[in-house]
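What follows is a short report on a single structure.
None of the figures in this text is laboratory data; all of them are computed from the coordinates on show. Source: prediction; values computed, not measured. Positions of Cβ are backbone-derived with ideal geometry, glycine not excepted, and every protein chain shown enters the neighbour counts.
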Amino acid sequence: MTDAGKESGGMTTARAVRRSLLVSLWFMFLTLPILVIRVNPVAQEIVWRWRNLFLIGVGSFVLSLVGQFLTHRQTRRTPSLTPGRLAIFRQRCMREPQIYVPFLLCAVLTTLLFPWFFSTYQTNIMTTALMYVVLGLGLNIVVGLAGLLDLGYVAFYAVGAYSYALLNHHFGLGFWAALPIGAGLAALFGILLGFPVLRLRGDYLAIVTLGFGEIIRLILENWNEFSFGPSGIANIPRPGFFGLDLSLAGATVYLYYLMIGLVLFTIFVVNRLQNSRIGRAWIALREDELACQAMGIDKTRTKLTAFALGATWAGMVGVIFAAKTTFINPPSFTFLESAMILAIVVLGGMGSIAGVVIAALVLILLPEYLRAFAEYRMLLFGAVLVIMMIFRPQGLISSARRAYKFMPVPVAAGRNKRHGTAADH
Amino acid sequence: MGPLLTIDRLCMDFGGLRALDHLNLSVAAGEIVALIGPNGAGKTTFFNCLTGLCAPTAGEIHLVVPGRGQRLRLNGLPPNRVTEKGLARTFQNIRLFADMTVLENVMIGRHCRTKAGVFGAVFRSAAARIEEQQIVTASAAILERLGLGSYFNDLARNLPYGAQRRLEIARALATEPVLLLLDEPAAGMNPQETAELDELILKIRSELGIAILLIEHDMRLVMSLSDRIVVMDHGEKIAEGTPAEIRSNPLVITAYLGEDLAQTA
Ligand SMILES: Nc1ncnc2c1ncn2[C@@H]1O[C@H](COP(=O)(O)OP(=O)(O)O)[C@@H](O)[C@H]1O
Ligand SMILES: [Mg+2]
């Protein structure tokens with residue numbers, strides 16, 4: 001390294017330290033009222049917990065320094081045109097059967113035998129994670145493929161859950177009958193939301209959908225005659241198994257397999273959709289709304305299909321949620337749920353099925369297994385999210401477009417004209 | 001035979017600004033018409049009005065497709081309906097679907113000529129499969145025709161500039177237009193690429209029988225290609241005629257061409 005290089009390196013280090021100092025001061029200031037000052041109303045005195053202040057100061061200083069070091073290294077690395085080591089490894093895994101077959105076998109066996117090796121509690125958590133996989137894949141249609149930022153997705157989840165709960169309460173409808181009805185009603189609500197927001201984009205769309213989600217929740221909370229208000233609806237039956245009444249453990253296992261089935265079904269459908277005429281129209285809409293219209297795509301229809309098809313999955317999972325918990329009330333459907341599902345889509349990689357599946361599992365299972373860290377678990381969880389987004393803004397697995405294979409077909413006039421044939425892969 | 005496209009006293013106001021002022025214009029089937037004029041003359045606005053991206057303040061746009069008979073009124077239609085009727089366009093600032101592949105970009109152009117729905121997509125019905133196959137085949141053929149055959153599976157964003165411009169034309173051709181609107185197709189191209197474009201446009205007309213209306217600043221290209229030139233300034237048509245007539249029109253020379261350009265071109 002030349003002298004000049006050394007010098008600039010030294011300067012960046014000084015700057016990094018200064019910035020980290022500022023960051024740590026700022027954090028100490030921010031957390032002062034919560035973590036340092038404690039008012040003891042009984043003894044009528046104020047306790048200053050200086051140790052906390054010290055820990056926060058040192059902690060944020062070190063974290064900031066590490067963060068700056070890592071980002072610095074990342075930006076300095078010259079972007080190369082050849083795919084990274086990770087990408088090459090991934091391609092190799094996909095291509096070579098001796099790698100992916102055992103891996104796949106392991107995954108299938110683990111999923112199938114999971115309830116036999118783990119407790120009912122663990123199975124329950126896994127079922128919840130699978131529900132979020134489907135929710136993520138559903139929202140992925142709207143946000144990832146069609147590019148419509150929907151912050152009120154939980155509304156459709158609520159519609160599904162309340163459809164089953166209310167239909168069962170009033171008409172004694174069973175789970176299997178309620179499943180398609182919940183999905184259909186959610187799709188209807190998707191279209192209902194779609195109409196007023198047809199002209200909106202980006203931030204405006206986000207705000208209106210956010211409002212929509214809150215409206216649905218507030219209606220459920222306040223319209224007592226309809227939804228039984230905050231007290232919710234209890235005694236919702238679990239899904240029956242050919243007329244059999246299952247024990248609690250049995251029902252848990254049954255729901256687990258049900259969710260596995262639904263996840264597979266969702267992946268199948270979404271995968272087919274995204275490589276179809278409709279899916280391409282969604283992506284074109286996301287890429288450039290104006291050009292998309294000018295190329296002959298009906299914007300209204302395309303947007304409404306995206307909203308409706310996205311909502312359908314939330315409706316289905318809503319029905320399953322009601323059946324799983326046997327009790328629902330409005331606090332289960334707050335904005336936080338929408339944010340969580342959106343985080344799954346963004347973290348997984350917009351438009352990428354594999355990414356969304358992995359992100360859903362990570363995001364739902366991580367807080368559960370971080371319980372060991374007690375009250376810090378949400379803090380850690382947040383930190384993981386932030387770090388992920390800094391280092392992989394495109395998500396865990398960025399979506400790749402389908403490649404079509406072509407077979408050259410010799411054509412008259414001596415020219416080698418290629419003839420396109422789609423080849424399945 | 002009457003003209004393909006007839007524009008009658010078209011006006012477009014943006015607040016107080018009159019971007020198009022009683023513009024009359026017609027394009028015959030198979031004709032190449034160039035639209036020239038200084039920046040801000042309202043040429044792009046004119047295309048936007050034709051394709052339904054802007055709603056004109058006043059005036060009429062009619063399309064008569066030979067063999068299809070009836071006279072279609074285009075103003076008031078949404079952009080996708082206009083495209084269905086047979087007008088396709090490119091954009092002055094390239095507007096490709098950047099994160100889709102080259103082939104997929106063209107496949108989007110086939111959207112309005114196909115009809116597979118959600119059920120076709122999910123269940124892969126025989127009809128949907130055949131249609132999808134046709135979309136791929138037709139799109140690939142268009143790409144080959146435009147010399148983009150080596151880029152099929154590349155993302156549109158990774159294409160060289162000249163190829164991106166040609167891809168926009170390919171995408172527009174996939175909608176099976178009767179009239180192709182090109183907004184400054186040669187902008188930013190080097191002389192070699194411009195020469196290829198010249199050839200391509202003539203080929204589109206002769207092989208596909210598509211009429212072309214193009215906005216262009218490259219006078220050499222305009223003069224060599226056009227059957228007719230329309231000159232605009234401040235939203236008004238100030239002259240119209242064959243390349244030879246336009247070159248010697250004093251009004252055009254003062255407003256746009258300038259003395260020396262008129263002589264060299
Ligand atoms: N959407 C719009 N809103 C307001 N003014 C516009 C809009 N589009 C174009 N204009 C104005 O209309 C005039 C014509 O613009 P344009 O059609 O882009 O010109 P050209 O393509 O001939 O260079 C310009 O003065 C421009 O500022
Ligand atoms: Mg322009």
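Just checking, does the range B:183-191 include any residue being away from chain A (no Cβ under 14 Å), acidic (Asp, Glu) and surrounded by 22 or more Cβ atoms within 10 Å (Cβ to Cβ)?
There is no residue in the range B:183-191 that is away from chain A (no Cβ under 14 Å), acidic (Asp, Glu) and surrounded by 22 or more Cβ atoms within 10 Å (Cβ to Cβ).
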Given the criteria part of a loop (DSSP other than H, G, I, E, B), closer than 25 Å to B:Pro185 by Cβ and within 13 Å of ligand 2 (Cβ to nearest atom), does B:Ala29 qualify? no
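Name the one entry in B:Arg95, B:Arg129, B:Arg124 that is under 19 Å from the mean Cα position of the chain (by Cα) and either away from ligand 1 (no atom under 16 Å from the Cβ) or not β-branched (Val, Ile, Thr) (or both). Can you show your working first?
Values: B:Arg129 fails: under 19 Å from the mean Cα position of the chain (by Cα); B:Arg124 fails: under 19 Å from the mean Cα position of the chain (by Cα).
None of the others qualify; the one that does is B:Arg95.
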Checked the range B:160-198 for anything within 10 Å of the chain's Cα centre (by Cα) and either part of a helix (DSSP H, G or I) or within 16 Å of ligand 1 (Cβ to nearest atom) (or both); matches are B:Glu168, B:Ile169, B:Ala172, B:Leu173, B:Leu181, B:Leu182, B:Asp183, B:Glu184, B:Pro185
Hey, can you tell me all the residues within the range A:198-228 that are surrounded by 21 or more Cβ atoms within 10 Å (Cβ to Cβ), among the β-branched types (Val, Ile, Thr) and either in contact with a helix residue (DSSP H, G or I) (Cβ under 6 Å, 6 or more places away or on another chain) or free of Cβ contacts under 8 Å to residues at least 12 places away in the same chain (or both)? A:Ile216
Residue in the range B:32-70 that is farthest from ligand 2 (Cβ to nearest atom), counting only those that are of a type outside the set (Val, Ile, Thr), outside any loop (DSSP other than H, G, I, E, B) and over 18 Å from B:Thr83 (Cβ atoms): B:Glu60
Taking only the range A:306-344 into account, find how many residues are outside any helix (DSSP H, G or I) and not aromatic (Phe, Trp, Tyr). 4
Residues located in the range B:1-33, provided they are within 13 Å of ligand 1 (Cβ to nearest atom) and surrounded by 14 or more Cβ atoms within 10 Å (Cβ to Cβ): B:Leu10, B:Cys11, B:Met12, B:Asp13, B:Arg18, B:Ala19, B:Leu20, B:Asp21, B:Leu23
A:Phe321 - would you say it is touching a residue at least 40 places away in the same chain (Cβ under 8 Å), among the hydrophobic types (A, V, I, L, M, F, W, C) and buried (at least 18 other Cβ atoms within 10 Å of the Cβ)? yes
If I ask for residues that are among the charged types (D, E, K, R) and away from chain B (no Cβ under 11 Å), which ones from the range A:280-328 would you list? A:Lys303, A:Lys324
Selection from the range B:87-118 of residues that are among the β-branched types (Val, Ile, Thr) and either part of a helix (DSSP H, G or I) or more than 8 Å from chain A (Cβ to nearest Cβ) (or both): B:Thr90, B:Ile94, B:Val102, B:Val106, B:Ile108, B:Val118
Could you give me the residue pairs with C-beta distances under 8 Å whose first residue belongs to the range A:260-273 and is at the interface with chain B (Cβ under 10 Å from one of its Cβ atoms), whose second residue is among the charged types (D, E, K, R) wherever it lies, and which are 6+ apart or on separate chains? A:Arg272/B:Arg124
Looking at the range B:217-236, which of its residues are within 11 Å of ligand 1 (Cβ to nearest atom) and assigned to a loop (DSSP other than H, G, I, E, B)? B:His217, B:His234, B:Gly235
Could you look through the range B:40-76, keep only residues that are in contact with a helix residue (DSSP H, G or I) (Cβ under 7 Å, 6 or more places away or on another chain), touching a residue at least 24 places away in the same chain (Cβ under 8 Å) and not β-branched (Val, Ile, Thr), and pick out the one that is nearest to ligand 1 (Cβ to nearest atom)? B:Cys54
Can you tell me which residue within the range A:309-350, out of those that are of a type in the set (Phe, Trp, Tyr) and farther than 22 Å from A:Thr120 by Cα, is farthest from the chain's Cα centre (by Cα)? A:Phe333
Sole residue being more than 7 Å from chain A (Cβ to nearest Cβ), without any contact (Cβ under 8 Å) to a residue 40 or more places away in the chain and not charged (D, E, K, R), chosen from B:Ala140, B:Ala121, B:Ala172, B:Ala126: B:Ala126
